[in-house]
Amino acid sequence: MAKGTTFSRRQRRENYRRAGFLKIKNTYNFFGEVMRNWYARTAEEGRRLHEAQTKMVEEQIEEALQIRLNKSKETWTELGYNAAEIAMLEEAFALRSIKTRETLTSDRKKAKQLEKEAYKLKTSRS
């Protein structure tokens, strides 16, 4: 398993089975106090693990996007863009990288416009 990952539901259930918890659990009344507590505890554990997994994945995506942006900035600097133009290209990069279903078309158009404007500014300087 990767660093920071958690066991899947299947793996946790297998661990419970090996420890003998499931045999003990099955001896109790399905609607009894013990079972309600069991299900409440496992549901809370699942929610907590899901939040941790979601947070970890979001951090990985954010880190990967930041690395790509930094490489793009280096490339833009080598191509001769100045700080103002790079800021425009950064915004275009963000609009293209992070997709929202409701604003996908308008984001794409705005990104294209920003890229054209940055290119025009660069060529007008040269």
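Each reported figure results from applying straightforward, stated rules to the coordinates on display, with no laboratory input. Owing to the predicted nature of the structure, the values given are computational and were not obtained by experimental measurement. Virtual Cβ from ideal backbone geometry, glycine too; neighbours counted across all protein chains shown.
Things worth noting here:
- Helix 9-19 axis, angle to the chain major axis (alpha carbon atoms, nearest 10°): 30
- Mean Cα-pair separation over length for the chain, i.e. relative contact order, pairs under 8 Å, 6 or more apart, %: 19
- For a paramagnetic label modelled on residue 84 (point 7 Å from Cα along Cα→Cβ), amide N atoms under 12 Å away belong, within segment 106-126, to 118, 121-122, 124-125.
- Degrees between helix 33-79 axis and first principal axis of the chain (Cα, 0 to 90, nearest 10): 20
- Order of 81, 39, 16 - criterion: other Cβ atoms within 10 Å of each residue's Cβ, fewest first: 39, 16, 81
- R0 of 35 Å, Cβ-Cβ distance residue 12-residue 97: FRET efficiency to nearest 0.05: 0.55
- Label selected from [x] 19.2; [y] 15.3; [z] 14.5, the criterion being Kirkwood radius over Cα pairs in Å as computed here: [x]
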